[in-house]
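Engineer: Following this message is one structure expressed as structure tokens.
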Amino acid sequence: MNRHGTGSSARPSVDPVPLFRLREGIYATDLLIAVIVELDLFTWIDRAGEVRIGDIEEEFGLDPRALDVLITYLVALELLERGPDQRVRLMPLAAEYLVAGSPWDMRAYFGSLSERPGCVEMLAALRTGKTASWSSSPGDSRDWSERLVDPGWARRVVAAMDSRGRFLGVEFAAALDQLTGISRSLDIGGDSGVYSCALVDRRPRLRASVLERSPVDGVARELLAERGYADRVDVITGDMFAGPLPAGFDLHIYSHVLHDWSEEQVRGLLAASYAALEPGGWIVDHDAHINADKTGPLPAAEYSVMMMHGTQGKCWAVSELSVLLADSGFVDIRHQDTTSDRSVVIARKPAG
Ligand SMILES: C[S@@+](CC[C@H](N)C(=O)[O-])C[C@H]1O[C@@H](n2cnc3c(N)ncnc32)[C@H](O)[C@@H]1O
């Protein structure tokens, strides 16, 4: 791989997936501890037998988005099992070790960790649905998106997103080989433009654009120029939530963007894409996706906990995205794995 990791199809010698999983799963155990210790959820489910998710929401006064993320995580951990009609029941691991009265009750072992700041924040998120400060920063209560107006913070975020994209970009671009008739792509919230670089490397005739707000836009322009991509990847300054998206593109990319936003906001973005895309144009969501029946995979379920804690979103299930895309008018919806727990959900605007 060249020094900047773009412009090359060379791959590193070791798979980085263990590092991705450590970084993206960092908040998940805090959520589990909060649920065992503060809610004693597994004892309550044990006493109630098979329960409806709605009953859990009502009993404990939980926010529906946070509860949805929690249930997917507990199912992926094989502590709960999904039954029909939005019901869940205990799996043996929970029934034996996380329930009052069991001879093997280990709740106290988790209890000795429940003062961790992350556990306290998780409990608040479960109860209020409100976003905690990114990275639990004690000095700045703004959420990650509001903080992006600070140039120093914007540079750190761009460096973070770019570092993973240098690895993920190659397989992302390869997964899009199946898309035909593409001449202009728009990477919405495209950050450093690293995915657009990977795409133009594979499709020399493609003209790519990145849509970003200021000051991220300026950092992206600098990086693209440094890397020698300025003639093939440009940056459009704009706010994806403000007004129509730019016209004239036949591919819209959302990479790790939809997981930051609520269902209503995602619906708004998909509708804006549908309106702006050329007839027959494509839309691609690249992310860690939850599987269609929301039983895992565990790395995506853990990453979703991080999104629940620090953003208004979550990792979307393929089934949920399919509904949102279809509701917006997209057709030909498909899903394909890429690398490091990532996949692409692809759909098309009808040709005419
Ligand atoms: C989690 S990052 C994902 C970056 C990149 N697409 C990736 O896959 O690594 C979210 C990106 O959305 C951008 N963003 C957030 N709000 C935006 C808005 N209203 N308009 C345009 N971009 C926005 C941020 O600047 C940031 O680059």
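The values are calculated or read from the model by the stated rules, or taken from the named source; none is laboratory data. Note that the coordinates shown come from a computational prediction; the quantities given were computed from them, not determined experimentally. When we count neighbours, we look across all protein chains shown, and the Cβ atoms used for this are built from the backbone with ideal geometry, even at glycine. Just the protein is used for accessible areas: all its heavy atoms, side chains included, with ligands, DNA and RNA removed. Shrake-Rupley method; radii C 1.70, N 1.55, O 1.52, S 1.80 Å.
Engineer: So, in segment 202-216, exactly how many residues are open to solvent by less than 60 Å² (accessible area, probe 1.4 Å) and either in contact with a strand residue (DSSP E or B) (Cβ under 7 Å, 6 or more places away or on another chain) or modelled with pLDDT under 95 (or both)?
Structural biologist: 6
Engineer: To continue, here is another question. Test each condition in (1) of a type in the set (D, E, K, R); (2) under 17 Å from residue 158 (Cα atoms); (3) in contact with a helix residue (DSSP H, G or I) (Cβ under 7 Å, 6 or more places away or on another chain) for residue 267 and report the one that comes out false.
Structural biologist: Among (1) of a type in the set (D, E, K, R); (2) under 17 Å from residue 158 (Cα atoms); (3) in contact with a helix residue (DSSP H, G or I) (Cβ under 7 Å, 6 or more places away or on another chain), residue 267 violates only (2).
Engineer: Something else now. Select the helices (runs of 4 or more DSSP H) contained entirely in segment 44-144, then report the ones holding at least 1 residues which are open to solvent by 80 Å² or more (accessible area, probe 1.4 Å) and basic (Lys, Arg).
Structural biologist: The helices (runs of 4 or more DSSP H) meeting that bar are 117-128.
Engineer: Determine which member of the set 310, 352 is over 21 Å from residue 198 (Cα atoms), modelled with pLDDT under 95 and open to solvent by less than 10 Å² (accessible area, probe 1.4 Å).
Structural biologist: 310
Engineer: Read through the list (1) small (Gly, Ala, Ser); (2) more than 10 Å from the ligand (Cβ to nearest atom); (3) at pLDDT 95 or above, then give the number of the only condition that residue 129 fails.
Structural biologist: (3)
Engineer: Between 25, 83, which is within 26 Å of residue 318 (Cβ to Cβ) and in contact with a strand residue (DSSP E or B) (Cβ under 8 Å, 6 or more places away or on another chain)?
Structural biologist: Residue meeting the stated conditions: 83.
Engineer: Check off (1) within 30 Å of residue 233 (Cβ to Cβ); (2) free of Cβ contacts under 8 Å to residues at least 60 places away in the same chain for residue 56 and give me the number that stays unchecked.
Structural biologist: The number of the failed condition is (1).
Engineer: Moving to a separate point now. Six or more apart or on different chains, Cβ under 8 Å: which pairs go from a residue in segment 97-125 that's closer than 27 Å to residue 141 by Cα to one that's among the hydroxyl-bearing types (Ser, Thr, Tyr) and at pLDDT 95 or above? Could you list them?
Structural biologist: Filtered contacts from segment 97-125: 118/27; 122/27.
Engineer: Based on this model, can you work out whether residue 282 counts as assigned by TED's automatic domain parsing to the domain that holds residue 170, among the hydrophobic types (A, V, I, L, M, F, W, C) and closer than 27 Å to residue 147 by Cβ?
Structural biologist: Considered against the rule, which asks whether it is assigned by TED's automatic domain parsing to the domain that holds residue 170, among the hydrophobic types (A, V, I, L, M, F, W, C) and closer than 27 Å to residue 147 by Cβ, residue 282 comes out as no.
Rundown of residues vs (1) in contact with a strand residue (DSSP E or B) (Cβ under 9 Å, 6 or more places away or on another chain); (2) under 27 Å from residue 299 (Cβ atoms); (3) of a type in the set (A, V, I, L, M), yes/no style:
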site: 60; (1), (2), (3): no, yes, no
site: 67; (1), (2), (3): no, yes, yes
site: 89; (1), (2), (3): yes, yes, no
site: 107; (1), (2), (3): no, yes, no
site: 113; (1), (2), (3): no, yes, yes
site: 117; (1), (2), (3): no, yes, no
site: 122; (1), (2), (3): no, yes, yes
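Conditions (1) touching a strand residue (DSSP E or B) at 6+ places or on another chain (Cβ under 9 Å); (2) crowded, with 22+ Cβ neighbours inside 10 Å; (3) polar (S, T, N, Q), marked per residue:
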site: 153; (1), (2), (3): no, no, no
site: 157; (1), (2), (3): no, no, no
site: 181; (1), (2), (3): yes, no, no
site: 189; (1), (2), (3): yes, no, no
site: 192; (1), (2), (3): yes, yes, yes
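Engineer: Let me ask something additional. Among the residues of segment 217-238, what is the count of those that are open to solvent by less than 20 Å² (accessible area, probe 1.4 Å) and hydroxyl-bearing (Ser, Thr, Tyr)?
Structural biologist: Result for segment 217-238: 1.
Engineer: What number of residues within segment 283-300 satisfy the criterion of being under 27 Å from residue 198 (Cα atoms) and either among the aliphatic types (A, V, I, L, M) or away from the ligand (no atom under 13 Å from the Cβ) (or both)?
Structural biologist: Selection size over segment 283-300: 9.
Engineer: Return a yes/no flag: does segment 112-124 have any residue that is charged (D, E, K, R) and under 20 Å from residue 259 (Cβ atoms).
Structural biologist: Yes, that holds for at least one residue.
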